[in-house]
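Student: So that we are looking at the same thing, I have put the structure below in structure tokens.
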Amino acid sequence: MPHLTRAGTARRTSGAEQLGFGVPGYAHPLLAPTEWAELTRSGTPLHWAVLNIDNGPGARPDPHCLEAAGRLRNARERAVHEGAPQDAVRAGGGLLLGHLDLTFGNRPFGELIADAQSFLDWYRVDGFYLDRCPAERADLPAVRRLTSTLAALLEEGEDLKDGEDEEAGSGLLVLGHGTHPYPGYAETADQLVTFSGAWTDYRWSQVAEWTADYPPDRFAHFVHGVPRTHLDEAMRIARWQGAGTIFFTDRTIRTDHGGQTDPFAALPGYWDEIVSRIGPGISE
């Protein structure tokens with residue numbers, strides 16, 4: 001069952017806590033086979049990865065996405081059953097989240113629930129990433145209604161799995177604000193993305209004081225344009241600001257042929273290096 005109101009004694013981290021990856025959404029598995037394969041590599045500290053077919057689940061099951069979802073699920077199951085339970089997440093294969101685009105509160109509730117059900121029926125996702133989630137107090141009741149309904153859907157899916165994967169049934173809801181929202185949002189989901197943007201902004205960013213009331217596993221930071229030479233600094237900022245899940249990349253937003261490229265859609269150039277830096281047993 002999703003932990004919608006997990007409590008915890010919070011703190012600014014000194015560096016002892018283990019960081020892990022949250023992947024906002026790689027490109028389609030057919031276009032990014034290496035990226036999806038890396039998520040199942042043993043030792044990758046993956047917390048979760050987002051599956052996004054066509055700004056959602058698409059019109060019908062995609063065979064390439066079905067295969068990628070199955071590989072990730074199998075890797076997690078191997079990690080759970082063959083390794084120490086406490087190391088399962090770091091051993092390769094985190095949770096798979098379905099991408100739901102809230103368009104800052106403009107998507108109809110029924111459309112979002114229909115997309116969520118398709119993700120569950122077709123890809124057996126372990127939770128949902130609510131992209132472009134509103135952050136204002138006025139939108140909180142609508143987001144709370146949505147997350148409560150999604151939690152119920154995930155719980156129903158857990159019952160249907162009937163124990164075939166004990167770890168997959170936990171259900172995870174992540175709100176993709178990209179900024180610090182009104183504090184009440186912290187009680188509506190498992191994790192909040194409180195920063196998503198460029199390194200030039202991140203290195204001077206400030207953390208909201210209310211986040212100190214929660215542990216690091218409640219927050220995620222996504223930063224593009226991080227130079228290899230500043231990886232240590234970026235990880236220090238994440239730890240100091242209390243984020244337990246990160247995705248840093250040296251890729252940047254570029255305009256190609258009239259469109260924008262997603263800097264998070266591919267592996268960073270220093271993927272192996274950052275995996276080794278925050279892998280099992282690595283801390284500052």
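The values are calculated or read from the model by the stated rules, or taken from the named source; none is laboratory data. If you're wondering where the values come from, they're calculated on a predicted model, not measured in any experiment. As a convention, Cβ positions derive from the backbone with ideal geometry for all residues, glycine included, and neighbour counts pool all protein chains shown. Accessible surface is based on the protein model in full, side chains and every heavy atom, while ligands, DNA and RNA are left aside. Shrake-Rupley method; radii C 1.70, N 1.55, O 1.52, S 1.80 Å.
Student: Hey, what's the stretch 14-53 come to in accessible area per residue, 1.4 Å probe, Å²? Could the numbers behind the result be given before it?
Tutor: Numbers: 1350 Å² over 40 residues.
Here the per-residue accessible area is 34 Å².
Student: If packing is taken as the average count of other Cβ atoms within 10 Å, what order do 218-225, 133-140 fall into, highest mean first?
Tutor: Working: 218-225: 23.5, 133-140: 16.9.
Top to bottom by mean Cβ count within 10 Å: 218-225, 133-140.
Student: Once phi is turned into ³J(HN,Hα) by the Karplus curve 6.51 cos²θ - 1.76 cosθ + 1.60 with θ = phi - 60°, what whole-Hz value does each residue of the stretch 139-150 show in order, with x for glycine and proline?
Tutor: After applying 6.51 cos²θ - 1.76 cosθ + 1.60, I find 8, 4, x, 5, 5, 4, 4, 5, 5, 5, 5, 5 Hz.
Student: Can you work out the Karplus-derived ³J(HN,Hα) for every residue in the stretch 123-131? Use 6.51 cos²θ - 1.76 cosθ + 1.60 with θ = phi - 60°, whole Hz, and x for glycine or proline.
Tutor: Coupling constants for the stretch 123-131: 10, 6, 5, 9, x, 9, 10, 8, 6 Hz.
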